[in-house]
Amino acid sequence: MGFRYCFVLNPWACHWQRDKVVLAGSCWANLQPPGSKMSHVCPRSTLPAAAPPLEDDDLLSEILIRLPPQPSSLPRVSAVCKRWCGLVSDPGFARRFRRRNPPPLLGFFGQGFDGIDFQPTMDPPNCIPSGRFSMLLDGRFRPKLLGCRHGLVLVLDKKLKQVVVWDPFSGDRHSLAVPPRFDASIAPIVGSVLRPVGDAHHFQVILAGSHKIQQHTQAFACIYSSKTSVWSGVISTLLPSMDYRSSRPFMFFSTMPAVLAGDSLYWTLTGISPVILQFDLHRRSLAVIHLPADTFAPSKQFTVMQADGGGLGLLSVSGLTAQLWRRNTDSDGVASWVLGRTIELDKLLFQNSEVHKHSLVITGFAERNNVVFMYTLMGLFMLQLESLQFKKCSEPSMLSCYHPFEGVYAADK
């Protein structure tokens with residue numbers, strides 16, 4: 001029987017000898033056939049000895065760049081030794097790590113009867129305690145959670161007619177007076193918050209609403225920039241006409257949070273024929289997008305998402321079958337929906353036999369991690385749409401909405 005060779009490495013066993021890093025076990029082990037004694041042999045060669053792989057900074061960086069994007073990954077690597085700490089602290093490494101890995105999905109904020117609650121979704125040692133992101137409320141504050149993005153949370157105070165931008169990491173809050181056109185006592189207000197591309201020190205707030213005009217519904221929106229401290233003018237568009245004799249003659253914003261895909265924010269509006277409302281952040285314009293005909297069935301649910309490779313996508317669910325759609329535009333500028341993958345959710349849920357007995361309700365979508373949140377009578381579950389990993393993240397609760405909260409890299413803030 002021949003010999004087998006393997007590389008034995010304990011990356012956490014590291015010490016210093018005369019300013020030189022020594023990694024325990026970084027040698028070739030000659031593994032004898034079963035029953036014989038094991039000996040460590042370094043094969044001799046007349047050629048110059050090559051440097052051990054982990055003494056090559058370029059090779060080591062390629063290994064470390066593939067670490068999972070968890071909050072504990074880089075701090076644990078930095079604690080190994082000074083050389084490893086220097087590699088992961090390099091600005092070039094940090095930029096490559098951010099490009100390769102989305103920020104971690106830390107958990108979600110939910111709107112409960114008593115206020116806003118945070119529920120972690122990560123396992124120890126990366127799990128953030130629920131109390132770490134608590135929003136202390138006083139008797140005057142009547143919060144309504146509007147959205148989360150780029151490490152920020154947007155909350156509406158109906159009584160004071162203000163929106164609050166809250167950074168859970170630092171605790172900073174910015175209160176903004178709601179423009180007069182937006183009156184939550186007359187019609188619901190939806191909103192979203194984000195950091196402009198390439199600007200880590202400012203934020204933007206987008207508010208949207210709708211009101212009735214005779215037999216039509218008009219949607220309107222405006223945007224605030226912390227850089228100028230000014231709200232834009234109100235932008236509006238008419239929504240599709242509805243049959244005023246029906247039981248739902250007007251259109252309303254759904255409870256799903258807005259989704260950022262490309263340079264636009266998207267909300268869904270419900271009615272006899274649901275539509276998508278697009279807010280273009282660069283053009284500062286509103287547009288209505290109709291859904292694929294197959295998604296109109298009352299038994300189907302859907303959420304806007306970012307399609308593979310960017311652009312607008314759609315996830316629709318009927319029973320335990322999920323379909324992924326993509327919005328394409330041809331050379332003549334005509335846009336249409338194209339069906340992509342179909343996912344049979346029952347094949348993923350057989351290991352959770354109690355789950356597939358109940359219908360699923362889409363409750364949220366984590367944009368950077370491509371994760372959809374689904375609620376059942378057995379609790380809240382999340383599905384990663386690329387790996388198709390399915391995980392239960394909470395027991396049944398009385399939360400009325402779920403807003404995924406993704407972290408933000410320190411250099412992005």
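Where strands (runs of 3 or more DSSP E) fall entirely within segment 153-209, those with at least 1 residues that are over 18 Å from Gln111 (Cβ atoms) are at 173-177, 190-194.
When Thr217 is tested against (1) farther than 30 Å from Pro129 by Cβ; (2) open to solvent by 10 Å² or more (accessible area, probe 1.4 Å), exactly one condition is not met: (2). Scanning segment 79-99 for residues that are more than 13 Å from Leu60 (Cα to Cα) and part of a helix (DSSP H, G or I) yields Lys82, Ser89, Pro91, Gly92, Ala94, Arg95, Arg96, Phe97, Arg98, Arg99. Of the residues examined, Phe220 is not one that is aromatic (Phe, Trp, Tyr), closer than 30 Å to Pro103 by Cα and touching a residue at least 40 places away in the same chain (Cβ under 8 Å). Taking the criterion of being farther than 15 Å from Ser192 by Cα and either touching a Cys at 6+ places or on another chain (Cβ under 7 Å) or assigned to a loop (DSSP other than H, G, I, E, B) (or both), the residues of segment 213-227 that qualify are Gln214, Gln215, Lys227.
Which residue is farthest from Pro129 (Cα to Cα), if the candidates are limited to segment 54-65 and must be open to solvent by 60 Å² or more (accessible area, probe 1.4 Å) and touching a residue at least 12 places away in the same chain (Cβ under 8 Å)? Going through the qualifying residues, I end up with Glu55. Is segment 367-387 home to any residue that is modelled with pLDDT under 85, open to solvent by 30 Å² or more (accessible area, probe 1.4 Å), aliphatic (A, V, I, L, M) and not in a strand (DSSP E or B)? Taking every residue of segment 367-387 in turn, at least one turns out to be modelled with pLDDT under 85, open to solvent by 30 Å² or more (accessible area, probe 1.4 Å), aliphatic (A, V, I, L, M) and not in a strand (DSSP E or B). Which numbered condition trips up Pro71, out of (1) open to solvent by 20 Å² or more (accessible area, probe 1.4 Å); (2) in contact (Cβ under 8 Å) with a residue 60 or more places away in the chain; (3) more than 19 Å from the chain's Cα centre (by Cα)? Single failed check for Pro71: (3).
Scanning segment 100-142 for residues that are open to solvent by 80 Å² or more (accessible area, probe 1.4 Å), modelled with pLDDT under 85 and in a helix (DSSP H, G or I) gives a single hit, Arg132. If you take the residues in segment 329-345 that are out of contact with any Phe, Trp or Tyr (no Cβ under 8 Å at 6 or more places or on another chain) and open to solvent by 60 Å² or more (accessible area, probe 1.4 Å), which one is farthest from Gly262 (Cα to Cα)? Selected residue: Glu344.
Each row is one residue, and each column tells you yes or no for (1) under 25 Å from the mean Cα position of the chain (by Cα); (2) open to solvent by less than 20 Å² (accessible area, probe 1.4 Å).
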{"position": "Lys159", "(1), (2)": "no, no"}
{"position": "Trp166", "(1), (2)": "yes, yes"}
{"position": "Phe169", "(1), (2)": "yes, no"}
{"position": "His174", "(1), (2)": "yes, no"}
{"position": "Pro180", "(1), (2)": "no, no"}
{"position": "Ser185", "(1), (2)": "no, no"}
{"position": "Val193", "(1), (2)": "yes, yes"}
{"position": "Asp199", "(1), (2)": "yes, no"}
{"position": "Ile206", "(1), (2)": "yes, yes"}
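The values are calculated or read from the model by the stated rules, or taken from the named source; none is laboratory data. This one's a predicted model, so the numbers in the text were calculated from it and none came from an experiment. Cβ atoms come from the backbone with ideal geometry, glycine included; neighbour counts cover every protein chain shown. Areas reflect the complete protein model, heavy atoms only, side chains present, ligands, DNA and RNA absent. Shrake-Rupley method; radii C 1.70, N 1.55, O 1.52, S 1.80 Å.
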